[in-house]
Structures are given as structure tokens and as C-alpha cells.
Amino acid sequence: MAETLNNTDLLKIGPKTFKSRLFTGTGKFNSTDEMQKSLACSQSEMVTVAVRRVQSNEIGHQGLIEKINWSRFWMLPNTAGCANYEDAIRVARLGRELAKIAGQEDNNFIKLEVIPDKKYLLPDPFGTLKAAEELIKEGFTVLPYINADPLLAKKLEEIGCATVMPLGSPIGSGQGLRNKANISLIIENSKIPVVVDAGIGVPSEASIAMEMGADAVLINSAIALAQKPSLMAKAMAKAVQAGREAFLAGRLPVREDASPSSPQRGVVEPGKHQNA
């Protein structure tokens, strides 16, 4: 059943379609080998890469481009580390060149992050909007990382973003979905895919996001920092699929009172025999 659903229930972002609704990252792994195993176990088809970290050869990012099979994964360059919109635009352009180096000549995807706040890593809504407007003019497929702000999400949709990516809770916090009410509003009012990004710590939280109607989730820290990353990646893949199927199946209505599972008609009354 899962395989059949995967083949028919495709996720479209910009010009690309994906079977998997779990996007993964490349940061924080103890080794490249563990990263490669985790990516394989996740069944993900889109992997985000921090352009600045690859450029500077930060620990864990040396040779990253050569160590991932880019014929198997679609690269999602991101502007992590950019504190203002000017830097984000510049790094996005570098990210497009990075994708070309990896052999993806037609890849214009960019995960837009504008984060001046170094403690809580909360995105700047004004800088994000300004950078998104410029990058869309330059032909990018923009996937903006935002606070769970329904008004901002709608504005980003209106200017032409391919998705919106509201945070569940701060990056790497593992606090789960602290913004469920606002995320639900974004999902309800969005005509573009909604990808819950940041804060998911365990598979049940990923499943809840999908049950709410999110189109996908992006998970990095919860996999990379698990005691057994590849096993966690496998668990996340199952949770995302289960959550998606539950959403499509349609849950039973929530009731204030109980509703018996068995029909009341024909029930034997106490003290009476059926053949009396």
C-alpha cells in the first residue's frame, strides 16, 4: 500500500516532483559515512546543503559535494549563516553555482534563511521577504524558512515563493511543534506546499505535522544527533509516510462524549434469553 501511495501521491515544488516528503540535511553528523548511511535510510530525495559551510570547508563539510550521489538526491542549497538580505542574495547565487558543480545544471532551488539572531536563530521576516522578492526576479525557486506567521506565509506565496517553511520550534531545539495553531492556519490558507522545518525531535512529532496536513518536513538535527542516526532516519521515514496516509485517510471527528464501537440494536438485555 505504501509503495502504491508513494507512486501516486507526488509532491510538486516548482518544476520538480518528489515521492518522498521527508527532506534531510547534511550538518552535525559525526562522520561522512554516518551521513551517507542516514541519507540512504531516510529515503529522502532532497538534501539541504549550507553553501557557506561548504565554501569554508568547515569541519564535517570538507569534500561534501563529492561524497553525495547527486544523481540520487536533489540539492537544496541554503543560505544558513546569513544575517541580512544582501548576504542571503549573494550566497543564494553561489548556491546555484554549487548545484551546477554537482551536475544539476537546471537547479535553481534555494532554501532562504535570513537569521540575524544568534541565540534563538529566529528568522528575520523583513529581510526574508526582501530577499525572496529579489531572488524570484532572478529566477530562483525560493523555499523560505520563516516563523509560523500566517500573514507572512501568505505574502510570500503571493510574491511567488514555491513553498513556505514555518518552524515548529527553534532550530536544533528538539522542542517539537510549539506553534501548532499557527502552522494549522498556514496549512489551511496556503495554495503552495507547506514544509515544517526545525524543532522536530522524534518521529511522532514528524507524524503529527503530516497528520495536520503539512506537505513535507525537513529534519536534520534529530537524525544527525541521534545515538543511532541511520536508525532514526529510517524511523522518520516511516513516521512521515504514516502521517501522510493518516491525513489522506481522514481522521474520525473529535467528540465530547463516547460513541460505542458496536451497534445498540439487537443487544441482549440483562436477565433475558435470546430464544425466550
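The values are calculated or read from the model by the stated rules, or taken from the named source; none is laboratory data. The shown structure was predicted, so the numbers you read here are calculated from the model rather than taken from an experiment. We place every Cβ from the backbone using ideal geometry, glycine too, and count neighbours over all the protein chains shown.
Take K19 and decide whether it is modelled with pLDDT of 95 or more and either among the basic types (K, R) or over 26 Å from L225 (Cα atoms) (or both). The answer is yes for K19. Here F29 fulfils each of the conditions (1) under 29 Å from L129 (Cβ atoms); (2) assigned to a loop (DSSP other than H, G, I, E, B) apart from (1). Just one of the listed residues (E105, E97) is closer than 25 Å to R72 by Cβ, out of contact with any Pro (no Cβ under 8 Å at 6 or more places or on another chain) and part of a helix (DSSP H, G or I), namely E97. Taken over segment 125-139, the residue count meeting the criterion of being under 19 Å from the mean Cα position of the chain (by Cα) and more than 13 Å from L167 (Cβ to Cβ) is 1.
Conditions tested, residue by residue: (1) touching a Pro at 6+ places or on another chain (Cβ under 6 Å); (2) modelled with pLDDT of 95 or more; (3) farther than 24 Å from E34 by Cβ.
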residue	(1), (2), (3)
D149	no, yes, yes
I186	yes, yes, yes
A209	no, yes, yes
Q227	no, yes, no
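Results for (1) modelled with pLDDT under 95; (2) in contact with a Lys or Arg (Cβ under 9 Å, 6 or more places away or on another chain); (3) small (G, A, S); (4) assigned to a loop (DSSP other than H, G, I, E, B), shown as yes or no for each residue.
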site: E157; (1), (2), (3), (4): no, yes, no, no
site: M165; (1), (2), (3), (4): no, yes, no, no
site: I171; (1), (2), (3), (4): yes, no, no, yes
site: I183; (1), (2), (3), (4): no, no, no, no
site: I192; (1), (2), (3), (4): no, no, no, yes
site: V195; (1), (2), (3), (4): no, yes, no, no
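Exactly one residue out of L129, L143, L225 is touching a Lys or Arg at 6+ places or on another chain (Cβ under 8 Å), within 19 Å of A92 (Cα to Cα) and either of a type in the set (S, T, N, Q) or surrounded by fewer than 23 Cβ atoms within 10 Å (Cβ to Cβ) (or both), and it is L129. Quick check on K118: is it of a type in the set (K, R) and surrounded by fewer than 20 Cβ atoms within 10 Å (Cβ to Cβ)? Here the answer is yes, as K118 does meet what is asked.
Check whether at least one residue in segment 179-190 is within 20 Å of P116 (Cβ to Cβ) and among the charged types (D, E, K, R), and report yes or no. No. In segment 248-262, the count of residues that are within 20 Å of G199 (Cβ to Cβ) and at pLDDT 85 or above is zero. Among the residues of segment 94-102, not a single one is in contact with a Leu (Cβ under 8 Å, 6 or more places away or on another chain) and surrounded by 15 or more Cβ atoms within 10 Å (Cβ to Cβ). Selection of segment 161-197 for residues being buried (at least 24 other Cβ atoms within 10 Å of the Cβ) and either more than 26 Å from I110 (Cβ to Cβ) or small (G, A, S) (or both) yields only G168.
Residues being assigned to a helix (DSSP H, G or I) and in contact (Cβ under 8 Å) with a residue 60 or more places away in the chain: count how many of those fall in segment 206-246. Steps first, answer last, please.
Looking only at segment 206-246, we keep the residues that are assigned to a helix (DSSP H, G or I), and these are 206-211, 221-224, 229-246.
When the remaining residues are screened for being in contact (Cβ under 8 Å) with a residue 60 or more places away in the chain, the result is 206, 210, 221, 223-224, 229-234, 236-237, 240-241, 244-245.
Qualifying residue count, segment 206-246: 17.
Going by what's in this entry, would K119 be described as touching a Phe, Trp or Tyr at 6+ places or on another chain (Cβ under 6 Å), over 21 Å from A216 (Cβ atoms) and among the charged types (D, E, K, R)?
On the way: touching a Phe, Trp or Tyr at 6+ places or on another chain (Cβ under 6 Å): no; over 21 Å from A216 (Cβ atoms): yes; among the charged types (D, E, K, R): yes.
In short, no.
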